[in-house]
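Encoded as structure tokens, the structure appears first; notes follow it.
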């Protein structure tokens, strides 16, 4: 009798679904994945739901409601391996900008009846609530890296995901440095590689979609950006995008609020 295929589940929390779409975009590779696992729960792709436990769970999105705080506990309990995918799941996402002010201020402007909302004061990554076996960065994640993580877990090895900066990918592509050549603000020196240096390849600065690299020198970059003529508020906003509450980026942006680039 053939052994049962490993069960794969994909879960959505507060997010735009972009990271789930990265998995669907794998096209031919997805057929190979589908042949190696049983896709037991993936509502973006199928109405079929198979009960757990699950061998691998991919979790997209941040925790922003009391219900989600309870639901992530259930996902963790039913999963052998839990992988947080994307900026929302690993750093709170763009919605974590609420963490820098009172969420009631936003709700009163956006919603006609904010009293109907049930939300938390902050948007937090999955790791703030349950143990996470691996975090895959990106907004959205890179489909090649996603396949690497799935392959590694199914074969019981460590995923080969590099933690160097975007600058290294720029060098490999032969890009001219946009900061040096054009004075363009760029987070590439402190951002983890993974996108293939897409923005600098089109002479635009890196937006930090993959979050902080392993050893980010945000103080040095902030100083360089000031040298290019950017004020504290502009530098602060550069760090407050897709990964605003990733610890290194949050510390850098708060230092700009205080007018202190010495971190």
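No lab work stands behind these numbers, since they all come straight from the coordinates. Note that the structure is predicted; figures quoted are calculated from it, not measured. For neighbour counting, all protein chains shown are included, and Cβ atoms are generated from backbone atoms with ideal geometry for every residue, glycine included.
Ordered by the number of other Cβ atoms lying within 10 Å of each residue's own Cβ, fewest first, 56, 141, 37 fall into the sequence 37, 56, 141. Take the Cα radius of gyration of the stretch 1-157 and divide it by 2.2 N^0.38 Å, N being the number of residues; the result is 1.10. Here the Gaussian network model covers the chain, with springs between Cα atoms less than 10 Å apart; of 207, 54, 111, 111 fluctuates the most.
Beta bridges per DSSP, both residues in the chain: antiparallel share near 25 percent. Comparing Cα centroids, the stretch 198-263 and the stretch 1-75 end up 33 angstrom apart.
For the stretch 166-257, dividing the convex hull volume of the Cα atoms by the residue count gives 79 Å³ per residue. Normalised by the number of residues in the chain, the mean separation of alpha-carbon contacts (under 8 Å, six or more apart) gives a relative contact order of 16 percent.
Computed packing ranks the peptides 88-101, 38-51, 12-25 as 88-101, 12-25, 38-51, most packed first, by mean other Cβ atoms within 10 Å.
Relative to the first principal axis of the alpha-carbon coordinates of the chain, what is the inclination of helix 143-154, with its axis defined by its Cα atoms, in degrees from 0 to 90 and to the nearest 10? Roughly 50 degrees, rounded to the nearest 10. Relative to the longest principal axis of the Cα atoms of the chain, the long axis of helix 247-257 makes an angle of roughly 30 degrees.
Where a ≥ b ≥ c are the square roots of the eigenvalues of the C-alpha gyration tensor, would you call the stretch 150-199 rounded, which needs a/c under 1.5, or, failing that, prolate if a/b is larger than b/c, or oblate? Prolate is the answer for the stretch 150-199, as a/c is 1.5 or above and a/b outweighs b/c. Considering all C-alpha pairs of the chain, those separated by over 29 Å amount to 36%. A simple spin-label model places pseudo-atoms 7 Å from Cα toward Cβ; at residue 173 and residue 215 they are separated by 2.5 nm.
Dividing the summed helix terms, -39500 (n - 2.57) for each DSSP H run of n ≥ 4, by the number of residues in the chain produces a 222 nm estimate of -10500 deg cm²/dmol to the nearest 500.
Seen against the Cα atoms of the chain and their longest principal axis, helix 218-227 is set at about 40 degrees. Antiparallel beta bridges, as assigned by DSSP with both residues in the stretch 1-133, represent about 20 percent of the total such bridges.
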